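Trainee: Sharing a structure below in structure tokens format, with a few things to ask.
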Amino acid sequence: MAAKHNVRMLMVDVGAVNVNDKTFLRWNVLSLEDLITSKIKANRAKDLFDVQQLREINKK
């Protein structure tokens, strides 16, 4: 059975941009490094566990 990974990303500032009568979707997301830093700063047990999991997934 394949492993499932529950990786959560924070999306902010989602929207659409029109350029020359064409619509493009635009969004910002946290980089992996920023996500890990944010979780470390939160210092909650579940976030520290997420950090371990994110680092493990990133090794693959």
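Trainee: Can you tell me the order of 43-50, 32-39, 14-21 when each peptide is scored by its average per-residue count of other Cβ atoms within 10 angstrom, highest first? List each step's numbers first, then the result.
Mentor: On the way: 43-50: 11.6, 32-39: 14.8, 14-21: 7.6.
The peptides rank, most packed first, as 32-39, 43-50, 14-21.
Trainee: What spacing in nm lies between the two simple spin-label points modelled at A16 and Q53, each 7 Å away from Cα in the Cβ direction?
Mentor: 3.4 nm
FYI, it's all coordinate maths here, none of it is from the lab. Remember, it's a predicted structure, so these values are computed and weren't measured experimentally. No Cβ is skipped: glycine too gets one built from the backbone with ideal geometry, and neighbour counts run over all protein chains shown.
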